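Undergrad: Got a structure for you, questions after.
The values are calculated or read from the model by the stated rules, or taken from the named source; none is laboratory data. Values in this document were obtained by computation on a predicted structure and should not be read as measured data. Every residue, glycine among them, receives a Cβ derived from its backbone with ideal geometry; neighbour counts consider all protein chains shown. Areas reflect the complete protein model, heavy atoms only, side chains present, ligands, DNA and RNA absent. Shrake-Rupley method; radii C 1.70, N 1.55, O 1.52, S 1.80 Å.
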Amino acid sequence: MPRTGRRPGNQDTREAILAAARTAFAERGFDGASIRQIATSAGVDPALVHHYFGPKDQLFLATMEAPFDPGRILPQIFEPGLDGVGERLVGTFLAVWDSPAGNAGVALLRSAMQHEWSARMLREFLVTQILRRATKALHLDPAEAPRRAALVASQMIGMAMMRYVLKLEPLASMRPDEVVRNIAPTVQRYLADPLP
């Protein structure tokens, strides 16, 4: 007689949840996907999704195989306010990407350049997990925030591509403090100076 009800809690269940979540986030985005929909697609109870992954943002990070948890790192960058945020952001970014976690970041960037699904997921990650938090924590003018955030993202992703993927010299071998001195002022300007 075939079994009915929830799947047993094992690795197959965890993978089924991740597969359903990847599809939901790719099709509906972070805001449009719900834990209940994901659980239904995976054939499990929503409580089991929470058991394995916690809240929706943690499930999203797991589907992305994100190299870091923005909820833990971003407060130390943004909560002190606009003054010095460029240095804090670039310095922290380099610390993460220069660590073993940076390998996952490189893989994510390469994948986003080759696959539309990965590009959509990276966009969702940037918008929902990083840019929204920055906008809120830095109290950016809502009318200017999307433009400012996109400019900062272009600088950071560009730096990652040149330093870690293409390994363009001399940027690839610069000491982190040199990179911060060269790039942080531009990031600071994007966030704090009047926009043209």
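Undergrad: Every residue in segment 58-86 that is in a helix (DSSP H, G or I) and buried (at least 18 other Cβ atoms within 10 Å of the Cβ), please.
TA: Just the residues of segment 58-86 that are in a helix (DSSP H, G or I), to begin with: 58-64, 70-78, 85-86.
Hits for segment 58-86 are Leu59, Phe60, Leu61, Thr63, Met64, Pro70, Leu74, Ile77, Phe78, Val85, Gly86.
Undergrad: Something else: Starting from segment 113-129, take each residue that is touching a residue at least 40 places away in the same chain (Cβ under 8 Å) and within 15 Å of Ala21 (Cα to Cα) and list its partners that are of a type in the set (Asp, Glu) and open to solvent by less than 20 Å² (accessible area, probe 1.4 Å), counting only C-beta distances under 9 angstrom and pairs at least six apart or across chains.
TA: none
Undergrad: Kindly indicate the residue of segment 43-97 that is over 25 Å from Ala33 (Cβ atoms) and acidic (Asp, Glu) and also modelled with the highest pLDDT among those meeting that condition.
TA: Checking each candidate, the answer is Glu87.
Undergrad: Right, another one. Looking at segment 90-100, can you tell me whether even one residue there is in a loop (DSSP other than H, G, I, E, B), within 23 Å of Val179 (Cβ to Cβ) and not hydroxyl-bearing (Ser, Thr, Tyr)?
TA: Yes: segment 90-100 contains one or more residues that are in a loop (DSSP other than H, G, I, E, B), within 23 Å of Val179 (Cβ to Cβ) and not hydroxyl-bearing (Ser, Thr, Tyr).
Undergrad: Right, something else. How many of the residues making up segment 106-139 are open to solvent by less than 60 Å² (accessible area, probe 1.4 Å) and of a type outside the set (A, V, I, L, M, F, W, C)?
TA: Going through segment 106-139 one residue at a time, the tally reaches 6.
Undergrad: A follow-up question, please. What pairs can you find where one residue is in segment 9-21 and closer than 10 Å to Ala39 by Cα and open to solvent by 10 Å² or more (accessible area, probe 1.4 Å), the other is outside any loop (DSSP other than H, G, I, E, B) and among the hydrophobic types (A, V, I, L, M, F, W, C), and their Cβ atoms are less than 6 Å apart, with a gap of 6+ or different chains?
TA: Hits for this filter: Ala16/Ala42; Ala20/Ile38; Ala20/Ala42.
Undergrad: For residues that are free of Cβ contacts under 8 Å to residues at least 12 places away in the same chain and either part of a helix (DSSP H, G or I) or within 17 Å of Phe125 (Cα to Cα) (or both), tally how many sit in segment 151-174. Can you show your working first?
TA: Taking segment 151-174 and keeping what is free of Cβ contacts under 8 Å to residues at least 12 places away in the same chain, we get 154, 158, 162, 166-170, 172-174.
In the following step, the residues that additionally are either part of a helix (DSSP H, G or I) or within 17 Å of Phe125 (Cα to Cα) (or both) were identified as 154, 158, 162, 172-173.
Matching residues across segment 151-174 total 5.
Undergrad: Could I ask something else about it? Condition (residue is of a type in the set (D, E, K, R), open to solvent by 10 Å² or more (accessible area, probe 1.4 Å) and modelled with pLDDT of 90 or more) applied to segment 26-38: is it met by at least one residue? Outline the logic, then answer.
TA: Looking only at segment 26-38, we keep the residues that are of a type in the set (D, E, K, R), and these are 27-28, 31, 36.
If we keep only those that are open to solvent by 10 Å² or more (accessible area, probe 1.4 Å) too, we end up with 27-28, 31, 36.
So of that shortlist, the ones also modelled with pLDDT of 90 or more come out as 36.
Yes, segment 26-38 has at least one match.
Undergrad: Pairs needed: first member in segment 92-105, open to solvent by less than 40 Å² (accessible area, probe 1.4 Å); second member anywhere, part of a helix (DSSP H, G or I) and among the charged types (D, E, K, R); C-beta distance under 8 Å; at least 6 residues apart or different chains.
TA: From residues that are open to solvent by less than 40 Å² (accessible area, probe 1.4 Å), the pairs are Trp97/Arg163.
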